[in-house]
1. So for the pair Asp81, Ser117, with labels modelled 7 Å out along Cα→Cβ, what separation do we get in nm?
2. Can you give the FRET efficiency to the nearest 0.05 for Asp66 and Lys97, using r as the Cβ-Cβ distance and R₀ = 30 Å?
3. So if R0 is 22 Å, what FRET efficiency would Ala152 and Asn126 give, r being the distance between their Cβ atoms, rounded to the nearest 0.05?
4. Once fully extended, how much extra length lies between Ser140 and Ala164, figured as 0.36 nm per residue of separation less the alpha-carbon to alpha-carbon distance?
5. Run down the aspartates and glutamates and flag those whose C-alpha is under 13 Å from the C-alpha of Lys97, throwing out any fewer than 8 positions away in its chain.
6. Mind grabbing the accessible area of Ser116 for me, 1.4 Å probe, Å², rounded to tens?
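The values are calculated or read from the model by the stated rules, or taken from the named source; none is laboratory data. Keep in mind the model is a prediction, meaning the values are calculated, not measured. Here the Cβ positions follow ideal geometry from the backbone for every residue, glycine too, while neighbour counts run over all protein chains shown. Protein only, heavy atoms only, side chains kept; ligands, DNA and RNA dropped before computing areas. Shrake-Rupley method; radii C 1.70, N 1.55, O 1.52, S 1.80 Å.
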Amino acid sequence: MIVNNEKFALGKSDSMSMNSLVLRFSALAGLVLAASLSLAAAAQTPPAPTAPLAIKGFDTVAYFTDGQPVLGKPEFEYSVDAARYRFASAANLRLFKSTPDRYMPQFAGSCVMAMSSGQHIAADPNNWLIHEGKLYVFGSADGPAEFRRNPAEATAKANQHWAALKPASN
């Protein structure tokens, strides 16, 4: 063996330890290659289907705490009842987790006025109101005013249709 232009003779035990070192290095290289191939295959695997995003990603807790719609962030996401909810902060996520039924929109975020007439229409999160501690969202800007005219009737009719119109997972 030559190191820094000097010749060294390897004894029998030195050559065996060199062979052992080469074998160990080869085994380690093989493991690294196998792990790399496994990671590459995992990266190419399509993601599992995800639950739909509830009320277009708006933070349901913010309606109660901030008094306005606030877009949630992907890093503060939580799934419940086959829907993904997003929150503007970790504090809002904690509040939701502690009592989700308090903060979840009525009729899974569907327009309550459409539901009261037997239609299932996704609501616009910017059209909303809180009535008797519950969040209602509407499909149009005139929905909250229409609901306020007779909330008991609108809610009763929506509840009658909800069983037939709600998504299968709710």
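1. 2.4 nm
2. 0.95
3. Given R0 = 22 Å and the Cβ-Cβ separation, E is 0.35.
4. 6.4 nm
5. Cross-link targets: Asp59, Glu77, Asp81.
6. Spelled out: Ser116, probe radius 1.4 Å, area about 20 Å².
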